[in-house]
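Each remark here refers to the structure printed beneath this line.
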Amino acid sequence: MKILVSIKRVADPDNASKLKVSSDGTTVTSEGLEWKMNPFDDWSLEAALRLTENAAEKNARVGEVVLVSIGPNDEHTQRIIREGLAKGAERGILVEADEGNLDAGVVSSILKAIVDKESPDLVVMGKQAADGDSNVAGTELAEKLGWPVINYAMKIQTSDDGKTLEVKRELDTGVATVKVTGPAVITTSDRILHPESVKNGVTPDDHQYAKLEVGGRYASLKGIMQAKKKPIDQVSPGDLGVDTSKSLNYKKFELPPARSGQTTFVEDVADLVDKLHNTAKVI
Amino acid sequence: MANVLVVAELLEGKARKTTLCAVTAARQIAEGTGGSFDILSIGEGAGAAAEELAGYGAGKVLKAEIAGGYTCEKYAATVAEAGKGYDVLVACASAYGKDLLPRVAAKLGAGVASDISEVHTDGGKVSYTRPMYAGNVFGTVEILTDKQVVTVRQSEFEPATASGGASPSEDIAVQADPAADKVEFLGVEVVKSERPDLGDADIVVSGGRALKSAENFTNVIEPLVDALGAAMGASRAACDAGYVAPELQVGQTGKVVAPKLYVAIGISGAIQHLAGMKGSKTIVAINKDKEAPIAQVADYFLVADLFDTVPALTEAVKKL
């Protein structure tokens, strides 16, 4: 199985409250914040690696994972791709683009061009990027390819013949189960990190992955060494023949208004109930 | 002048309340530009839901009956065909709207403004404000394509109230899509609850990792939830640990809520959780650690052990 995983660099999401906006309101500045792999892409990479390895044989690779990142061709984007290669992906593609020239429509068109070249069996990607929070590119990519999309996958199981996948996906009101015939686009939910979320027919079904609290697996020292030799191809949207006209124009950015008032530390339950009942009047 | 089509969200043959939040946004766009709005009722039971949706002042209600479970591939071509006659398509940014509308947008070559919190119509030109970076930045965006696709954040748009009258309805043809044959819907486990919906409850009580077990959610959190007539929520850590079902997750990757009262119990307040609740009017934190990041947004903070405090709080609430 060959899987394409898109990974985006984002300003450290755990410190997003430190972001600033330029005085004219036209740009978001992330000065002082480290670039990190979009956490939602990290989860998807974990799912893709589980689908293409034998976890009972020291994660021996039985398929191929190709990473694609769209962004500036600098050491930060390169580092994010190397991080994914160190976790186990086979090779990387860097599509050089200024982040200000991207929106979900352009990103999905670029990814379509990469899919046309690479012909993967699956694209597994984050449901959203932690910066734009749009939640659009994966589904648009699927439509542009004429492929199905399964959003918010929490469990993936391959069939015996490998042509279909049974996927559980999260809804607002419960969990739906679908059977999808590939090639397909899959986006993942938080639960894809669970020890038994992926069954690929190679790793024994009773295998339990280590419990992951925050993101995907850590790279091993060996993985980090191997990643240095893995190839990263560089292309431009022009090389790919992609129309890069944007469909969105951000006119201004603002920081959210601070919450008014200070935190009142209440003494006990009686004090809390009194404040909620008589001051805030919410109960 | 923008003519708007609301894409309704049906659950078991009825319009979900999310639909009415989309109607509110559609009214704002239509009124601000001198246009009008229609509603598309699509899915199983579309006819009955269309009758229910006829009382909200739409020019007309379109109906497309599609049997069986929902997949975006089954619906998108029909929505896109109907959407050709409109300038703006609107749905709620629920799991349904976020799954369906981008597929429709790609069919129409339309740009998408997702999860918007405000509509602006200055001089007939429409733009939208939307939270980004887990609610730490708000961007105001205009869509440059001829057609616009918008999903709206449920907590930022009050559900529309019925305006009387009865919009005429019209059946539309269901369009085939080859991609639909690639996905077979096998089933859905719908979680039933007597409690209010997390998305539009007046009071939400959420528990975190500190609850330590599903039993403690049942024995400690649920009695307070029910005493307050609240909806129950949870942090990502609590959902991940399996203490409660994933659809109760509040945060950047779960539901975004903005109730009158939000009670965070044993929740430290990771930035991803704050993204889902910091728009709440009054926020209460109950936590042993007074330095926990939840203090950044809490109006009232009780530094205490939740296992001692919450049962006492439940009893005190019952006596009100």
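The values are calculated or read from the model by the stated rules, or taken from the named source; none is laboratory data. These figures come from a predicted structure and were not determined experimentally. All Cβ positions, even for glycine, are placed from backbone atoms using ideal geometry, and neighbour counts span all protein chains on display.
Considering only residues in region A:225-262 that are of a type in the set (A, V, I, L, M) and touching a Gly at 6+ places or on another chain (Cβ under 6 Å), the one that is nearest to residue B:275 (Cα to Cα) turns out to be A:248. Once region B:261-280 is narrowed to residues that are among the small types (Gly, Ala, Ser) and assigned to a loop (DSSP other than H, G, I, E, B), the residue that is farthest from residue A:283 (Cα to Cα) is B:270.
When B:217, B:185 are screened for being of a type outside the set (S, T, N, Q), within 22 Å of residue B:303 (Cβ to Cβ) and outside any loop (DSSP other than H, G, I, E, B), only B:217 passes.
When B:45, B:35 are checked against the criterion of being free of Cβ contacts under 8 Å to residues at least 60 places away in the same chain and over 28 Å from residue A:181 (Cα atoms), B:35 stands alone in meeting it.
If you check B:139, B:109, B:69, B:85 for being in contact (Cβ under 8 Å) with a residue 60 or more places away in the chain and within 14 Å of another protein chain (Cβ to nearest Cβ), only one passes: B:69. I'd like to know if region A:116-123 contains one or more residues that are surrounded by fewer than 24 Cβ atoms within 10 Å (Cβ to Cβ) and of a type in the set (Val, Ile, Thr). Within region A:116-123, not a single residue is surrounded by fewer than 24 Cβ atoms within 10 Å (Cβ to Cβ) and of a type in the set (Val, Ile, Thr). Out of all the residues in region A:192-199, is one or more closer than 28 Å to residue B:151 by Cβ, part of a helix (DSSP H, G or I), within 14 Å of chain B (Cβ to nearest Cβ) and in contact (Cβ under 8 Å) with a residue 40 or more places away in the chain? Checked region A:192-199: at least one residue is closer than 28 Å to residue B:151 by Cβ, part of a helix (DSSP H, G or I), within 14 Å of chain B (Cβ to nearest Cβ) and in contact (Cβ under 8 Å) with a residue 40 or more places away in the chain. For region A:68-107, which positions are within 21 Å of residue A:145 (Cα to Cα) and in a loop (DSSP other than H, G, I, E, B)? Hits for region A:68-107 are A:102, A:103. If only residues of region A:135-157 that are more than 7 Å from chain B (Cβ to nearest Cβ) and of a type outside the set (A, V, I, L, M, F, W, C) are counted, the one that is surrounded by the most Cβ atoms within 10 Å (Cβ to Cβ) is A:138. Once region B:287-320 is narrowed to residues that are within 8 Å of another protein chain (Cβ to nearest Cβ) and assigned to a strand (DSSP E or B), the residue that is surrounded by the fewest Cβ atoms within 10 Å (Cβ to Cβ) is B:303. Report whether or not residue A:211 is free of Cβ contacts under 8 Å to residues at least 60 places away in the same chain and not in a loop (DSSP other than H, G, I, E, B). Judged against the criteria, residue A:211 is not a match. Quick check: anything in region B:35-43 within 14 Å of chain A (Cβ to nearest Cβ) and at pLDDT 95 or above? Yes: region B:35-43 contains one or more residues that are within 14 Å of chain A (Cβ to nearest Cβ) and at pLDDT 95 or above. Within the bounds of region A:41-59, is there any residue that is within 18 Å of residue A:227 (Cα to Cα) and without any contact (Cβ under 8 Å) to a residue 60 or more places away in the chain? Yes, that holds for at least one residue.
Scanning region A:244-283 for residues being of a type outside the set (D, E, K, R), more than 7 Å from chain B (Cβ to nearest Cβ) and assigned to a loop (DSSP other than H, G, I, E, B) gives a total of 6. For region B:114-128, the set of residues classified as more than 7 Å from chain A (Cβ to nearest Cβ) and either in contact with a helix residue (DSSP H, G or I) (Cβ under 9 Å, 6 or more places away or on another chain) or closer than 28 Å to residue A:142 by Cβ (or both) consists of B:116, B:117, B:118, B:119, B:120, B:121, B:122, B:124, B:125, B:126, B:128, listed by residue number.
Kindly indicate whether residue A:247 is more than 19 Å from residue A:37 (Cβ to Cβ) and more than 20 Å from the chain's Cα centre (by Cα). Criteria met by residue A:247.
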